[in-house]
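Reading through the C-alpha coordinates given below for one structure.
The values are calculated or read from the model by the stated rules, or taken from the named source; none is laboratory data. The structure displayed is predicted, hence computed values, not measured ones. Ideal geometry is used to build each Cβ from the backbone, glycine not excepted, and the neighbour counts take in all protein chains shown.
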Amino acid sequence: MAKAMIIYGSTTGNTESTAQTIAEVLAEQDIETTVKDVTSASMDDFDKDFDLFLLGASTWGDEEIELQEDFADFYEDMDSLNLNDKKMAVFGCGDSSYTYFCGAVDAIEQKVEDMGAVLVTPGLKIDGDPDDAEEDIIEWTQSVAASA
Ligand SMILES: Cc1cc2nc3c(=O)[nH]c(=O)nc-3n(C[C@H](O)[C@H](O)[C@H](O)COP(=O)(O)O)c2cc1C
(Lines give C-alpha, C1' and ligand atoms only; values in the text may rest on other atoms or scores of the structure.)
Protein backbone atom coordinates (compact mmCIF):
# COMPACT_ATOMS: atom_id res chain seq x y z
CA MET A 1 0.00 0.00 0.00
CA ALA A 2 1.37 3.44 -0.93
CA LYS A 3 1.93 5.93 1.88
CA ALA A 4 1.54 9.70 1.86
CA MET A 5 2.42 12.43 4.33
CA ILE A 6 0.51 15.72 4.39
CA ILE A 7 2.11 18.65 6.23
CA TYR A 8 0.07 21.85 6.39
CA GLY A 9 0.13 25.32 7.95
CA SER A 10 -3.20 27.04 8.51
CA THR A 11 -4.22 30.13 10.48
CA THR A 12 -8.02 30.21 10.20
CA GLY A 13 -8.53 26.51 9.39
CA ASN A 14 -9.09 26.63 5.63
CA THR A 15 -5.89 24.86 4.60
CA GLU A 16 -6.40 22.48 7.52
CA SER A 17 -9.84 21.45 6.28
CA THR A 18 -8.44 21.12 2.75
CA ALA A 19 -5.74 18.80 4.13
CA GLN A 20 -8.44 16.68 5.81
CA THR A 21 -10.43 16.40 2.58
CA ILE A 22 -7.29 15.43 0.66
CA ALA A 23 -6.51 12.78 3.28
CA GLU A 24 -10.01 11.30 2.95
CA VAL A 25 -9.75 11.13 -0.82
CA LEU A 26 -6.28 9.53 -0.64
CA ALA A 27 -7.65 6.95 1.80
CA GLU A 28 -10.43 6.14 -0.68
CA GLN A 29 -7.67 5.52 -3.23
CA ASP A 30 -6.02 3.04 -0.81
CA ILE A 31 -3.19 5.39 0.10
CA GLU A 32 -2.30 5.29 3.78
CA THR A 33 -2.08 8.94 4.79
CA THR A 34 -0.56 10.73 7.77
CA VAL A 35 -1.66 14.34 8.34
CA LYS A 36 0.46 16.73 10.40
CA ASP A 37 0.08 20.34 11.38
CA VAL A 38 3.43 21.89 10.48
CA THR A 39 3.92 22.82 14.15
CA SER A 40 4.28 19.09 14.92
CA ALA A 41 6.32 18.23 11.83
CA SER A 42 10.09 18.18 11.52
CA MET A 43 12.75 17.76 8.86
CA ASP A 44 13.10 14.11 9.96
CA ASP A 45 9.67 13.45 8.45
CA PHE A 46 11.22 13.73 5.00
CA ASP A 47 13.51 10.77 5.78
CA LYS A 48 10.58 8.51 6.56
CA ASP A 49 9.23 5.94 4.20
CA PHE A 50 6.53 7.89 2.33
CA ASP A 51 5.88 7.61 -1.39
CA LEU A 52 4.40 11.09 -1.58
CA PHE A 53 4.69 14.32 0.38
CA LEU A 54 1.92 16.92 0.15
CA LEU A 55 2.72 20.36 1.53
CA GLY A 56 -0.04 22.90 2.21
CA ALA A 57 0.12 26.55 3.27
CA SER A 58 -2.06 29.61 3.00
CA THR A 59 -0.72 33.00 1.83
CA TRP A 60 -0.60 36.20 3.87
CA GLY A 61 0.94 39.63 3.43
CA ASP A 62 0.00 42.07 0.73
CA GLU A 63 2.97 43.91 -0.73
CA GLU A 64 4.91 40.66 -0.88
CA ILE A 65 4.24 36.94 -0.54
CA GLU A 66 4.18 35.80 3.07
CA LEU A 67 3.75 32.16 3.89
CA GLN A 68 1.39 31.17 6.68
CA GLU A 69 3.34 32.02 9.83
CA ASP A 70 3.95 28.48 11.15
CA PHE A 71 4.86 27.21 7.72
CA ALA A 72 7.31 30.07 7.15
CA ASP A 73 9.78 28.73 9.75
CA PHE A 74 9.51 25.20 8.38
CA TYR A 75 10.10 26.55 4.86
CA GLU A 76 13.36 28.16 6.00
CA ASP A 77 14.49 24.94 7.75
CA MET A 78 13.91 23.02 4.52
CA ASP A 79 17.10 24.55 3.13
CA SER A 80 19.04 21.74 4.82
CA LEU A 81 17.16 18.92 3.06
CA ASN A 82 17.98 16.66 0.19
CA LEU A 83 14.72 16.18 -1.72
CA ASN A 84 16.20 14.46 -4.75
CA ASP A 85 13.53 12.54 -6.65
CA LYS A 86 10.98 12.79 -3.83
CA LYS A 87 7.45 12.96 -5.20
CA MET A 88 5.60 16.02 -3.97
CA ALA A 89 2.51 18.14 -4.51
CA VAL A 90 1.59 21.51 -3.03
CA PHE A 91 -1.76 23.04 -2.09
CA GLY A 92 -3.03 26.08 -0.27
CA CYS A 93 -5.87 28.49 0.33
CA GLY A 94 -5.91 32.14 -0.62
CA ASP A 95 -7.99 34.94 -1.98
CA SER A 96 -7.77 36.06 -5.58
CA SER A 97 -8.42 39.69 -4.63
CA TYR A 98 -4.81 39.85 -3.40
CA THR A 99 -1.92 40.61 -5.74
CA TYR A 100 -0.21 37.27 -5.17
CA PHE A 101 -3.04 34.77 -5.23
CA CYS A 102 -1.83 31.68 -3.36
CA GLY A 103 1.74 32.92 -3.68
CA ALA A 104 2.76 30.44 -0.97
CA VAL A 105 1.91 27.56 -3.31
CA ASP A 106 4.15 29.04 -6.00
CA ALA A 107 6.98 29.71 -3.54
CA ILE A 108 6.92 26.19 -2.08
CA GLU A 109 6.71 24.58 -5.51
CA GLN A 110 9.66 26.62 -6.71
CA LYS A 111 11.70 25.73 -3.66
CA VAL A 112 11.13 21.98 -3.65
CA GLU A 113 11.67 21.76 -7.39
CA ASP A 114 14.96 23.64 -7.08
CA MET A 115 15.91 21.11 -4.41
CA GLY A 116 15.38 18.14 -6.70
CA ALA A 117 11.84 17.06 -5.84
CA VAL A 118 9.42 15.96 -8.55
CA LEU A 119 6.09 17.79 -8.59
CA VAL A 120 3.56 15.13 -9.54
CA THR A 121 0.84 17.61 -10.46
CA PRO A 122 0.53 21.44 -10.61
CA GLY A 123 -0.33 23.03 -7.24
CA LEU A 124 -3.91 23.31 -6.00
CA LYS A 125 -4.95 26.91 -5.29
CA ILE A 126 -8.23 27.35 -3.43
CA ASP A 127 -9.93 30.74 -3.80
CA GLY A 128 -12.03 31.43 -0.70
CA ASP A 129 -13.92 28.81 1.27
CA PRO A 130 -12.63 25.27 0.61
CA ASP A 131 -16.16 23.91 1.16
CA ASP A 132 -17.07 25.56 -2.15
CA ALA A 133 -14.13 23.88 -3.90
CA GLU A 134 -14.71 20.29 -2.86
CA GLU A 135 -14.95 18.98 -6.42
CA ASP A 136 -11.66 20.66 -7.37
CA ILE A 137 -9.99 19.21 -4.28
CA ILE A 138 -11.25 15.71 -5.08
CA GLU A 139 -10.19 15.91 -8.72
CA TRP A 140 -6.74 17.26 -7.81
CA THR A 141 -6.21 14.58 -5.16
CA GLN A 142 -7.19 11.84 -7.57
CA SER A 143 -4.54 13.09 -9.97
CA VAL A 144 -1.98 13.10 -7.13
CA ALA A 145 -3.03 9.58 -6.12
CA ALA A 146 -2.54 8.32 -9.66
CA SER A 147 1.16 9.14 -9.36
CA ALA A 148 1.75 7.22 -6.11
C1 LIG B 1 -4.11 40.22 6.06
C2 LIG B 1 -4.37 39.14 5.03
C3 LIG B 1 -3.50 38.99 3.97
C4 LIG B 1 -3.73 38.03 2.98
N5 LIG B 1 -2.87 37.92 1.91
C6 LIG B 1 -3.15 37.06 0.92
C7 LIG B 1 -2.33 36.99 -0.26
O8 LIG B 1 -1.35 37.72 -0.42
N9 LIG B 1 -2.65 36.09 -1.22
C10 LIG B 1 -3.73 35.27 -1.11
O11 LIG B 1 -3.98 34.48 -2.03
N12 LIG B 1 -4.54 35.31 -0.01
C13 LIG B 1 -4.27 36.17 1.00
N14 LIG B 1 -5.07 36.22 2.11
C15 LIG B 1 -6.21 35.28 2.21
C16 LIG B 1 -5.90 34.02 3.06
O17 LIG B 1 -4.81 33.31 2.54
C18 LIG B 1 -7.16 33.16 3.06
O19 LIG B 1 -8.09 33.73 3.94
C20 LIG B 1 -6.94 31.70 3.39
O21 LIG B 1 -8.13 30.98 3.19
C22 LIG B 1 -6.48 31.47 4.82
O23 LIG B 1 -6.20 30.09 4.94
P24 LIG B 1 -5.88 29.41 6.34
O25 LIG B 1 -7.12 29.47 7.16
O26 LIG B 1 -5.52 28.00 6.00
O27 LIG B 1 -4.73 30.13 6.95
C28 LIG B 1 -4.85 37.16 3.10
C29 LIG B 1 -5.73 37.32 4.18
C30 LIG B 1 -5.50 38.29 5.13
C31 LIG B 1 -6.49 38.43 6.28
**OP:** Look through region 56-70, keep the residues that are of a type in the set (A, V, I, L, M, F, W, C) and farther than 20 Å from D129 by Cβ, and return whichever of them is surrounded by the most Cβ atoms within 10 Å (Cβ to Cβ).
**Re:** L67
Original post:
In the set E64, E69, which member is under 21 Å from T12 (Cα atoms), acidic (D, E) and under 15 Å from the mean Cα position of the chain (by Cα)?
Top reply: E69
Original post:
Before we move on, is I108 within 18 Å of E16 (Cα to Cα), at pLDDT 95 or above and in contact with a Leu (Cβ under 6 Å, 6 or more places away or on another chain)?
Top reply: yes
Subject >> Test for A27: is it more than 13 Å from the ligand (Cβ to nearest atom) and within 15 Å of W140 (Cα to Cα) >> reply: yes
Original post:
Which members of region 73-109 meet the condition of being surrounded by 13 or more Cβ atoms within 10 Å (Cβ to Cβ), part of a helix (DSSP H, G or I) and either more than 16 Å from the ligand (Cβ to nearest atom) or among the aromatic types (F, W, Y) (or both)?
Top reply: F74, Y75, M78
Subject >> Condition met for I138 (part of a helix (DSSP H, G or I), surrounded by 14 or more Cβ atoms within 10 Å (Cβ to Cβ) and either β-branched (V, I, T) or near the ligand (Cβ under 9 Å from one of its atoms) (or both)) >> reply: yes
Subject >> Hits in region 49-69 - residues which are more than 8 Å from the ligand (Cβ to nearest atom) and at pLDDT below 95 >> reply: D49, E63, E64
Original post:
If the Cβ limit is 6 Å and pairs must be 6+ apart or interchain, which residue in region 9-27 that is under 14 Å from V38 (Cα atoms) pairs with which residue that is more than 7 Å from the ligand (Cβ to nearest atom) and of a type in the set (G, A, S)?
Top reply: G9/A57; T15/G56; T15/G92; A19/G56
